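Here's the structure, in structure tokens; my notes come after.
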Amino acid sequence: MAKSILVSNVLPAEALGIIPREVTVDYNDTEAGLSKTELIARLRGKDGLICHIISKIDDEVLAAAPTVKVVANVAVGYNNIDVVAARRRGVVVTNTPDVLTETTADFAWALLMATARRVVEADHFARSGQWRRWQWDLLWGADVYGKTLGVVGFGRIGRAVAHRALGFNMRVLYQDAVRADVGVERELRASRMELEPLLAEADFVSLHTPLLPETRHLINERTLRLMKKSAVLVNASRGPVVDEAALVRALKDGWIAAAGLDVFEEEPKVHPGLVPLKNVVLAPHIASASFDTRLAMATLAVRNCLAVLDGKPALTPVP
Ligand code: GLV
């Protein structure tokens, strides 16, 4: 029987182009995505779904779509999908690991550097017309080279972030539930630590943990107060890993020096307390947004969906 899929969010034409003609595609090409009611209505009778993280696939959506065999998320994180419910209903869930690792690590570093060296403030200043002469004490920032980097979550992206730190001659500390192989620790010159001593020692803390019940608000008032006053926090994982209200207080009252954030607790809302602060660099969840990477993610999601519809194993099912 001919198969049909719902593509609930925008995808590059090259990725859609690999879908064979005999598969019927219901494509929502609007940037806004679908409401839950629209999603449920358009999933009726479909065999598969390809979606972005803005589509919330909970048990109610899955229950209303009993013909769906696969949900292919175009992201490495999949906290938008109720994976337990999907498994119970025999629905395969896939994500897009590996293809975005380096690009996301690049962006975490872009935030780290921009925050440490005040690039956004410098840009605003240079454009503003206030720049009258070379100034000795203008926009001093923090050194990165030779400092200590703390990586929280030492999976693919966390390790790629640590790898870049070699070029900056940094000491790398990491926290993860699982210890990395000794060979990896040696290659990345990284030492495992518990979260609290890591926060106390690191000059830069970069978050790369998935959003799980145990990582929600991992960074909160108590843990922020453990960090150095000179420390910089970078978050390119998931917004709710950080208690944003506590972070606003930390940045205003000087418990830490600065933060670079790509993700927020209630995207697309940015906590209003963050907006006026100069010591925070904000980005609208774009860490994987390079031309090549977004195409690779979309292509992998399409291939995952097609594989399952063909009765084959998914290329990258969620663990
Ligand atoms: C983006 O946030 C992703 O999880 O890929």
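Remark: the Tyr27-Glu214 segment gains 63.7 nm on full extension, using 0.36 nm per residue and subtracting the alpha carbon distance. Report the calculated FRET efficiency for Leu138 and Val184 (r = Cβ-Cβ distance, R0 = 45 Å), to the nearest 0.05. The formula returns an efficiency of 0.65 here. Remark: Ser4, Ser237, Ser55 ranked as Ser4, Ser55, Ser237, counting other beta-carbon atoms within 10 Å and listing the fewest first. Residue exposure proxy: Met297, Met1, Met113, Met170, ordered by other Cβ atoms within 10 angstrom of their Cβ from fewest to most, comes out as Met1, Met113, Met170, Met297.
A viscosity of 1.002 mPa s and a temperature of 20 °C, combined with the Kirkwood radius over C-alpha pairs in the Stokes-Einstein formula, give the range 88-179 a diffusion coefficient of 134 µm²/s. So if the hydrodynamic radius of the range 48-120 is defined as the Kirkwood radius over C-alpha pairs, what does Stokes-Einstein give as its diffusion coefficient at 10 °C and 1.306 mPa s, in µm² per second? In µm²/s, the coefficient rounds to 114.
Note the direction-averaged projected area, equal to a quarter of the hull surface, for the Cα convex hull of the chain, in nm².
Result: a mean projected hull area of 18.2 nm².
Taken as entire DSSP H runs, the helices of the chain that both span 20 Å or more between Cα atoms along their own long axis and average 1.0 or more on the Kyte-Doolittle scale are 291-309.
In the chain, once you exclude exposed GluC sites (Glu not before Pro) (DSSP loop, at most 11 other Cβ within 10 angstrom), what's the longest stretch remaining? In short, 32-193.
Remark: spin-label model distance Ile286-Arg249 equals 3.2 nm, labels positioned 7 Å along the Cα→Cβ axis. Between Ser35 and Ser4, the C-beta separation translates, for a Förster distance of 25 Å, into a calculated FRET efficiency of about 0.75. Within the straight-line cut-off of under 20 Å between alpha carbons, the aspartates and glutamates reachable from Lys252 are Glu121, Asp203, Glu221, Asp243, Glu244, Asp262, Glu265, sequence neighbours fewer than 8 places apart in one chain being disregarded.
For the set Lys147/Lys269; Lys56/Lys269; Lys3/Lys36; Lys69/Lys269; Lys56/Lys147, the pairs lying more than 28 angstrom apart at their alpha carbons are Lys147/Lys269; Lys69/Lys269; Lys56/Lys147. For the range 101-282, the orientation-averaged shadow of the C-alpha convex hull comes to 10.7 nm² (one quarter of the hull surface). Among Phe204, Phe291, a tally of other beta-carbon atoms within 10 Å of each Cβ gives an order, fewest to most, of Phe291, Phe204. Applying the criteria of a DSSP loop state and at most 11 other Cβ atoms within 10 Å to the trypsin sites (Lys or Arg not before Pro) of the range 203-296 yields Lys229, Lys278.
Bear in mind that the values in this text are calculations on the coordinates, not laboratory data. Because the structure is predicted, anything quoted here is derived from the model rather than measured. Note: ideal-geometry Cβ built from the backbone for every residue, glycine included; neighbour counts use all protein chains shown.
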